[in-house]
């Protein structure tokens, strides 16, 4: 596991578990900005539950207070992908290959994060797809309604110390 993977394993675990009770700093459309203390995030849930466990997939753009990396995309997938599966994010018609581990996926680095956020600002929809352990493909779909405002609010939240 590389440095990037280690650095975001804990935020991804917090995303999965919910972490401390967040304070909502912005909400519009399908997105909200949350203050979780050490970080702020713009987040949304998938449009439908794809998990056999009844858990809903979720997406977040993470902004760590005082961190060198800002705007990391972190996803909780609706199903765990096969270990060798490619996890592909498509924002409108723009594809992005993601890093994945277990039921989580995240962006590959600062350049990709900038491109993902720019694509998300255009509105519309995004989807995440991968091959599940069953051999069938699954797709988690998201509305981008309110994403730009939530991303701006989360970035401003993290800038405050």
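Do we have residue 75 as within 20 Å of residue 141 (Cβ to Cβ), at pLDDT 95 or above and part of a strand (DSSP E or B) here?
Spelling it out, residue 75 is indeed within 20 Å of residue 141 (Cβ to Cβ), at pLDDT 95 or above and part of a strand (DSSP E or B).
Would you tally the residues in region 79-108 being closer than 23 Å to residue 148 by Cα, assigned to a loop (DSSP other than H, G, I, E, B) and in contact with a strand residue (DSSP E or B) (Cβ under 9 Å, 6 or more places away or on another chain)?
Residues that pass the stated criteria total 3.
Can you find, within region 78-95, the residue that is modelled with the lowest pLDDT among those that are closer than 21 Å to residue 31 by Cα and crowded, with 20+ Cβ neighbours inside 10 Å?
Ranking the qualifying residues of region 78-95, first place goes to 78.
Please specify each residue of region 103-136 satisfying the condition of being more than 19 Å from residue 44 (Cβ to Cβ) and loosely packed, with under 13 Cβ neighbours inside 10 Å.
Across region 103-136, the qualifying residues are 109, 111, 133, 134, 135, 136.
Given (1) farther than 23 Å from residue 32 by Cα; (2) assigned to a loop (DSSP other than H, G, I, E, B), identify the lone condition not met by residue 55.
Every listed condition holds for residue 55 apart from (1).
How many residues are part of a loop (DSSP other than H, G, I, E, B) and in contact (Cβ under 8 Å) with a residue 40 or more places away in the chain when one looks only at region 109-133? Full working, then the answer.
Applying the first criterion (part of a loop (DSSP other than H, G, I, E, B)) to region 109-133 yields 109, 122-124, 133.
Narrowing further to those that are in contact (Cβ under 8 Å) with a residue 40 or more places away in the chain: 109, 133.
Final tally of qualifying residues: 2.
Of the residues 119, 130, only one is under 16 Å from the mean Cα position of the chain (by Cα) and more than 15 Å from residue 86 (Cβ to Cβ); which?
Details: 130 fails: more than 15 Å from residue 86 (Cβ to Cβ).
Being under 16 Å from the mean Cα position of the chain (by Cα) and more than 15 Å from residue 86 (Cβ to Cβ) holds for just one of 119, 130, which is 119.
Would you be able to tell me the number of residues in region 137-161 that are in contact with a helix residue (DSSP H, G or I) (Cβ under 7 Å, 6 or more places away or on another chain) and either surrounded by fewer than 18 Cβ atoms within 10 Å (Cβ to Cβ) or touching a residue at least 40 places away in the same chain (Cβ under 8 Å) (or both)? Step through it out loud before you land on a result.
Let us first name the residues in region 137-161 that are in contact with a helix residue (DSSP H, G or I) (Cβ under 7 Å, 6 or more places away or on another chain), namely 144, 147-148, 151.
Narrowing further to those that are either surrounded by fewer than 18 Cβ atoms within 10 Å (Cβ to Cβ) or touching a residue at least 40 places away in the same chain (Cβ under 8 Å) (or both): 144, 147, 151.
Counting residues in region 137-161 that are in contact with a helix residue (DSSP H, G or I) (Cβ under 7 Å, 6 or more places away or on another chain) and either surrounded by fewer than 18 Cβ atoms within 10 Å (Cβ to Cβ) or touching a residue at least 40 places away in the same chain (Cβ under 8 Å) (or both) gives 3.
Quick check on my filter: what residues within region 66-94 are without any contact (Cβ under 8 Å) to a residue 40 or more places away in the chain and under 15 Å from the mean Cα position of the chain (by Cα)?
89, 90
Tell me yes or no: at least one residue of region 139-151 is more than 14 Å from the chain's Cα centre (by Cα) and either modelled with pLDDT under 95 or within 12 Å of residue 77 (Cβ to Cβ) (or both).
yes
Identify all residues within region 8-35 that are part of a loop (DSSP other than H, G, I, E, B) and modelled with pLDDT of 95 or more; write none if there are none.
29, 30
The values are calculated or read from the model by the stated rules, or taken from the named source; none is laboratory data. What you see is a predicted model, and the numbers here were worked out from it, not measured in a lab. Every residue, glycine among them, receives a Cβ derived from its backbone with ideal geometry; neighbour counts consider all protein chains shown.
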